[in-house]
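Chemist: Before I ask anything, here is the structure I am working with.
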Amino acid sequence: MYELANIFFLVFHSALIVFVLFGWMWNKTKKANLVFLLLIAFSWFVLGIWFGIGYCPLTDWHWEVLKKLGHRDLPSSYFSYLLKKITSIEISSKAADILTVVFFFLAFIASIFVNFIMRRKKSA
């Protein structure tokens with residue numbers, strides 16, 4: 001049961017990250033992309049007040065599953081976990097946090113641009 005949950009979180013969370021980073025590129029997904037970016041910002045900065053800045057419930061739930069499977073010393077960053085799992089490359093938590101924030105804000109800026117600025121240009 002926990003192994004199935006582990007696979008679910010690995011696939012779902014990874015797919016969500018890819019969508020958040022690139023979903024602004026297509027007209028059919030750009031609004032949903034912005035909604036997910038705003039939900040992530042809410043989680044990181046509002047829920048983060050209580051759980052720690054950068055809090056992600058998916059990471060929290062996945063860590064619980066991994067702990068039930070006997071994993072210990074899990075990184076604080078899901079990005080560093082994925083990077084090590086997929087490529088065997090290890091980076092520091094600080095580097096992972098910086099890259100996560102940079103990629104998030106680049107995707108957020110791109111999403112704002114295509115959802116609002118490009119739309120104004122088309123209607124003008």
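The values are calculated or read from the model by the stated rules, or taken from the named source; none is laboratory data. What you see is a predicted model; the values in this text were computed from it and never measured. Note: ideal-geometry Cβ built from the backbone for every residue, glycine included; neighbour counts use all protein chains shown.
Chemist: Starting from residues that are of a type outside the set (Ser, Thr, Tyr), modelled with pLDDT of 95 or more and within 12 Å of the chain's Cα centre (by Cα), keep the ones in the range 43-72 and report whichever is surrounded by the most Cβ atoms within 10 Å (Cβ to Cβ).
Modeler: Once the filter is applied, the top-ranked residue is Cys56.
Chemist: So, one more: When the residues of the range 58-95 are filtered to those that are without any contact (Cβ under 8 Å) to a residue 12 or more places away in the chain and of a type in the set (Val, Ile, Thr), which remaining residue is nearest to Gly48 (Cα to Cα)?
Modeler: By that ranking, first place goes to Ile91.
Chemist: Return the residues of the range 75-98 that are surrounded by 13 or more Cβ atoms within 10 Å (Cβ to Cβ), in contact with a helix residue (DSSP H, G or I) (Cβ under 6 Å, 6 or more places away or on another chain) and either of a type in the set (S, T, N, Q) or over 14 Å from Leu10 (Cα atoms) (or both); say none if nothing qualifies.
Modeler: Across the range 75-98, the qualifying residues are Pro75, Ser76, Ser77, Ser80, Ile91, Ala96.
Chemist: Let me ask something else. Exactly one of these conditions fails for Tyr2: (1) within 16 Å of the chain's Cα centre (by Cα); (2) touching a residue at least 12 places away in the same chain (Cβ under 8 Å). Give me its number.
Modeler: Every condition holds for Tyr2 apart from (1).
Chemist: Hey, another quick one. Give me the helices (runs of 4 or more DSSP H) completely within the range 16-107, filtered to those with at least 1 residues that are aromatic (Phe, Trp, Tyr) and touching a Phe, Trp or Tyr at 6+ places or on another chain (Cβ under 8 Å), ordered by residue number.
Modeler: 30-42, 57-68
Chemist: Name the residues in the range 11-29 that are surrounded by 12 or more Cβ atoms within 10 Å (Cβ to Cβ) and either of a type outside the set (Phe, Trp, Tyr) or in contact with a Leu (Cβ under 8 Å, 6 or more places away or on another chain) (or both), would you? Lay out the reasoning, then the answer.
Modeler: First, pick out the residues of the range 11-29 that are surrounded by 12 or more Cβ atoms within 10 Å (Cβ to Cβ): 12-14, 16-17, 19-25, 29.
Residues satisfying the conditions are Phe12, His13, Ser14, Leu16, Ile17, Val20, Leu21, Gly23, Trp24, Met25, Thr29.
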